[in-house]
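Following: one structure in C-alpha cells, then a few remarks.
Derivation of every value follows stated rules applied to the coordinates shown; laboratory data play no part. Please read all numbers here as calculations on a predicted model, not as lab measurements. Neighbour counts are summed over all protein chains in view; Cβ atoms, including those assigned to glycine, are modelled from backbone coordinates with ideal geometry.
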Amino acid sequence: MGSVSLKISDGSARFKRASLCSSALINTLMIFSVIITNLFALYAFTSSPHTHTHTHLPLHKNFSLISEQVTLILREINSSQNKLAQIQKHLLGYQSLDLSRPNIPSELKLFLHHHHLPLGKDSKTGITQMVSSIGHTCHKSSHLLSHYMTYNVSKPCPDDWSIAQKLILRGCEPLPRRRCFAKTISKANLLHPFPTSLWKPRFVRSRSKSDFVVDQVLALGSGGVRIGLDVGGGSGSFAAVMAERNVTVVTITLNVDAPFSEFIAARGLFPLFLSLDHRLPFFDNVFDLVRCGSGLDGGGSPEKLEFLMFDVDRVLRAGGLFWMDNLCYVDEEKKRVLTRLIERFGYKKLKWVVGDKSVGSAKSHVVLSAVLQKPVRV
C-alpha cells in the first residue's frame, strides 16, 4: 500500500485517501473558473456605465470603477477556489490525525514535524524542507500508533514487534522511525558459513509434477539470472538454494506465527519485512527472476491482485522470468481471474503445469505452476 507525506503547519497531519474518482471534474471546474475570470476582466476594462455613454468621466473616476471591478474579480476567484477545494476534499476523502490531542506521544509529533533544509531551497529538486512519510491509513489505528511511538528515547525499544506488524497489516506502512535501541539477540551459535547455513532445503528435487527444480528454471533463463525476488518466501528456502548457485535473492516475509525474518538472516540471506500491499521498494526493471507462491492471491480481491501483478511486472526486467510456484485455486472464478490477468501481460509461457496437490489428510486443491518470460515492450 502506498504512503503519503505529512505536512504539518497547524498541529495536524493530513492524509489524502486514494479515490477511484477521476480528476476530470476538478480540471473542468478549474478551466471554467479561468474562463469566467477572463470574461470579468474583459468586461471591467472595456465597458463603461450606461448613464455616461456619451460623456467622458474624469480619470480618477475611471480608476475607481476599474478598482471596484478588480475587487469583484478577486472576490469571485477566491470564492471559486474555496468551492474547488471543497469539491476536491469531497472527491478524495479527507481525514486528519490530530497531533494536538493529549494522548499523542511527543515522539510521533517530533518525527512528523517538517524540517527546513539547512542551505535553503535545493536547486535540483526545488524542495525547501524534508517531510516525513507515514502510511496513509495510520489515522485509522491511532491508538496502536500511539502505543508504538511511546518509548524512552535512547533506551531499549519495547518488545512490541507484534504491534508493528498489526499496523503494517492495517495499511500503516511505512512505520515512523523511532529513537530507541532494538532488542539484540546473540546468534553466535546459529551462524555458519556457506553452504552449511543452508541446511539442505527444498527446490532441489520434484515431489509432484507441479514442483519445478531450480536448475531447470535457471536453464530457462539462459544463464542470465543473477538477482531475484521471492514474494512471500516464508523461511527463505528458495533464496538458500539460489545462493548455492551464486544467485542473490531478496525474500519478502512477515513474522506470521514464526520469526521468519530472524531465521532468514541467520542463514546469511536477505529478508525484507514488508506486506504485499506495499509498493515494492525497488527501481524498475532490476530483477532477473521473481518467484511468487501462495502469497500471490491479492487477499481475495481481483483489484489487489492486479495491483500486485503490475508491481511485480515493474521490477522484473524484460526477458526476466516470472515463476508462479504451486499457486492454489480456491475456486474456478479465481482461476479465470488469474488466467485472464496473466494473458494481459503478454508473457511467453515457458512452462505451464496444472495439477492437484493434497492439503491435509483428505483435501486437495488445483494448483498452477508456471515459468513465464517478460516480453520487451515498445
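Cross-link list 209/334; 209/374; 166/348; 334/374; 183/304: which exceed 28 angstrom alpha carbon to alpha carbon?
166/348; 183/304
Among 272-278, 337-343, sorting by the average number of other beta carbon atoms lying within 10 angstrom of each residue, highest first, gives 272-278, 337-343.
Calculated translational diffusion coefficient of region 196-373 (4 °C, 1.567 mPa s; Stokes-Einstein with Kirkwood radius over alpha-carbon pairs) equals 78 µm²/s.
The modelled label-to-label distance for the pair residue 244/residue 114, using points 7 Å beyond Cα in the direction of Cβ, is 5.3 nm. Amide H to amide H, with H built 1.01 Å from N, residue 320 comes under 5 Å of 374, counting only residues 5 or more places away or on other chains. Compactness check for region 118-183: Cα Rg over 2.2 N^0.38 Å is 1.39. Within region 128-156, find all residues whose amide N lies under 11 Å from a label point positioned 7 Å from the Cα of residue 163 along Cα-to-beta-carbon. Hits in region 128-156 for residue 163 at 11 Å: 143-152.
Close amide-amide hydrogen proximity is noted between residue 134 and 4, 6, each under 5 Å apart and 5 or more residues distant or on a separate chain (H modeled in the peptide plane; Pro and chain starts excluded).
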